[in-house]
1. Going by what's in this entry, would G370 be described as at pLDDT 95 or above, surrounded by fewer than 19 Cβ atoms within 10 Å (Cβ to Cβ) and in a strand (DSSP E or B)?
2. In the stretch 487-505, what residues are of a type outside the set (A, V, I, L, M, F, W, C) and within 11 Å of Y416 (Cα to Cα)?
3. If only one of D314, D329 is in the same structural domain as W394 (by TED's automatic domain parsing), modelled with pLDDT under 95 and on the phi > 0 side of the Ramachandran plot, which one is it?
4. Within the stretch 115-129, does at least one residue satisfy the condition of being under 20 Å from Q561 (Cβ atoms), free of Cβ contacts under 8 Å to residues at least 24 places away in the same chain and of a type outside the set (A, V, I, L, M, F, W, C)?
5. Out of the residues in the stretch 305-361 that are among the charged types (D, E, K, R) and assigned to a strand (DSSP E or B), state the one that is nearest to the chain's Cα centre (by Cα).
6. Among (1) closer than 24 Å to G517 by Cβ; (2) more than 22 Å from the chain's Cα centre (by Cα); (3) in a helix (DSSP H, G or I); (4) aliphatic (A, V, I, L, M), where does V586 come up short?
7. Sort out which residues of the stretch 339-354 are touching a Lys or Arg at 6+ places or on another chain (Cβ under 6 Å) and more than 16 Å from P464 (Cβ to Cβ), and write them in order of number.
8. State which residue is farthest from the chain's Cα centre (by Cα) when the search covers only the stretch 58-77 and only residues that are buried (at least 20 other Cβ atoms within 10 Å of the Cβ) and farther than 19 Å from A574 by Cβ.
Amino acid sequence: MRRTSTLIASTAGAALLLVGCSPKNAQPEDGVGTAANWTAPGGGADEAGYSRLDLLTPGNIDKLGLAWSLDLPDEVTLESTPLAIDGTLYFSGGYAEVYAVDALTGTLKWKYDPETWKRRPDKFHFGANRGIAYEDGRIFTAEMDGRVDALDAKTGKVLWSAESIPPEAKYNNSTGAPRTMNGKVIIGNAGADIGGRGFVTAFDSKTGKLLWRFYTTPGSPDQNKGDAAMEAAAKTWHGEYWKTGTGGTVWNGMTFDAEANRIYLGVGNAGPYDPEKRSPGGGDNLYTSSIVALDAGTGKYLWHYQENPRDSWDYKATPNIVMATLTLDGKPTKVLLHAPTNGFFYVLDRDTGKLVNEPGKTTLITWAKGIDRKTGRPIENPDIRYEKGATDIWPGTVGGHNWQAMSYSPRTGLTYIPVQQVGARFSRNQAEQGDDAFNIMGLVVRPVVKHPGDGKGKLVAWDPVAQKEAWSVQHDLLWNGGTLATAGGLVFQGLADGYFHAYDARDGKDLWKFNAGLGIIAAPMSFSVGGKQYVSVLVGWGGTVAAMSGVMDVGWKYGAQTRRLLTFALDGKAALPKEPPRDMKVHALDDPKLVLDEKEALAGRGMSIACASCHGAGFRGSGAPGPDLRESGIALDYESFRQVVKEGRMAQGMPAFQWMTDDQIRKVWTYIRIRARESLGTRKAVATGQGSNPTPAAPLKGPVTY
């Protein structure tokens, strides 16, 4: 990897940082949270991913070693950041299991399994969960079907259980972490990609009583009547949008401001993506792609800032929202820091939601020239909504920054962002559909790599006052983990290649790394017990890497590497068993006696979108959350494959596709078999793209959440 720098700290500045003094661009610390514990997904209510512990420094980081590890053999995708509460670590698994672990030894204290697959098999589809919440001796977890459970932190006993998704919200599901708000717990949900209407639900944290619900997009005229926020939003939609779908789900970023008693919501993309399909003739389509501020006590709308009016590219405001205090024009100003998927970096006044400076570009951006400071609206480039045919846009649907949390250090005044660069092609022409393209509610979308830096990620240190990059570290691979900043002057990040790094927070120098044996996408955290500082991270490559396998397949194989929780400390001496390395070769299976029909394969390709979120676009597997079916013995035999598809493997995360006919299953199986032969070089690729006439795919089934 390469490191570039546009802001080099002087030797004197470095010395000041190491002894705890503030460098020139440092900002006041808000004092949110405590140093010893890590009480929320982002450390504290500020969601800054910042540890106030300073025992680990650039001067002693070379002595950091593994203190202990905990194998998690039942897990696949691990996206959450553990909480640390008085010597116990708590974290969630891919299907909202909750683990309680002794922070000093790594010994499992208890495990809670909600067994969603038994309760709601129709909702059990995608193994992704980004964390849990804590308040007053209770742990809160949200399952895929929208159930919220409150657990006793000492025993794991269920204290109450409540439904956050009503029956009519049939497209919605929960993958994000709840947040607590002084006696309340709030949860959002996903489903915008298939038109689900967004909302959040708040419960009493002691009893589970539903207190309020706020919808982030309008419903029908009857549903909106009397609701000022929904009536205002409805004026920005055209047609019978409530029948087509709206999107705007809140599946990740939420930040509670205790001082103002507000909750800030990061609202997701519009759905359908095609604006002419969901709102023909125009309209900003509020409150999609927006930050929305609500009164935490009542759920009443306070203000909003829309980052992408009339979103047409799966842009979302769902990445974490950080509260900070910046010195602007000589005065301390309470702000929100946000790096959404559209590639810009926003600094908003917490009281008003207005821009406090002109947003800067954190990655390659082609959809807009910039953001108008006076109006807050983007200065868009022409013909970006596929008006004249297929359109390539940067950033693509993966975004310049996604759910992997950024962190902010008030010591350095810098924000540390996991950034990626990759484009996307959007087309209404179904002939554009190919092995790497999704038909999402009538719009064909595929990743595009053609500019220098495409398909790769960076760690970017961003100055929110100057609105420019301070330094960056170039990564070889695209999809990397969230970041942790510490008061000791360090930034931690796990990477797709399986290495866990510590960088100097001042200039990005790579100071230390550890081979975790598997790609990391979760953000690390830090805590202390007995006056000693520890750093923990979950290792579990997976999630959306399958759906975007064309740019995210890095050679990890399903079930080959062990998922783990790793905890580090100075002078740690533990070691990990050797894991199989990354392997980009496809070990496909084939039966040469099988006679395959190419027309059936084309039809199967159109239907295979139902399988892509686990087994890969075009059945190019990426190691998780499902196996590469070209390498599967079950998928080699049609009858075995049909049985598994019909019955599912619910306990392992495979739903039962009972809606598929035997004819449809055979066509999908034929497509798998031809894809296997293509990888072996024994058959030419099935015709794709311009000139081909594949069977149109059904609307996307299941979540495409990151």
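1. Details: at pLDDT 95 or above: yes; surrounded by fewer than 19 Cβ atoms within 10 Å (Cβ to Cβ): yes; in a strand (DSSP E or B): yes.
Judged against the criteria, G370 is a match.
2. The first filter runs over the stretch 487-505 and keeps only residues of a type outside the set (A, V, I, L, M, F, W, C), leaving 488-489, 493-494, 497-499, 501, 503-504.
Listed by number, the residues that qualify are Q493, Y503.
3. Details: D314 fails: modelled with pLDDT under 95.
So the residue among D314, D329 that is in the same structural domain as W394 (by TED's automatic domain parsing), modelled with pLDDT under 95 and on the phi > 0 side of the Ramachandran plot is D329.
4. The initial filter retains those residues of the stretch 115-129 that are under 20 Å from Q561 (Cβ atoms), namely 127-129.
From what is left, the residues that are free of Cβ contacts under 8 Å to residues at least 24 places away in the same chain are none.
For the stretch 115-129, residues under 20 Å from Q561 (Cβ atoms), free of Cβ contacts under 8 Å to residues at least 24 places away in the same chain and of a type outside the set (A, V, I, L, M, F, W, C): absent.
5. The first filter runs over the stretch 305-361 and keeps only residues among the charged types (D, E, K, R), leaving 307, 310-311, 314, 316, 329, 331, 334, 349-351, 354, 358, 361.
Restricting the remaining residues to those that are assigned to a strand (DSSP E or B) gives 331, 334, 349, 361.
Numbers: K331: 34, K334: 26, D349: 25, K361: 20 Å.
The extreme case among them is K361.
6. All conditions pass for V586, except number (3).
7. The answer is T341, and nothing else.
8. Taking the candidates together, the pick is P58.
The values are calculated or read from the model by the stated rules, or taken from the named source; none is laboratory data. Being a predicted model, the structure only gives us computed values, none of them experimental. Heads up, the Cβs are rebuilt from the backbone with ideal geometry, glycines too, and the neighbour counts pull from every protein chain shown.
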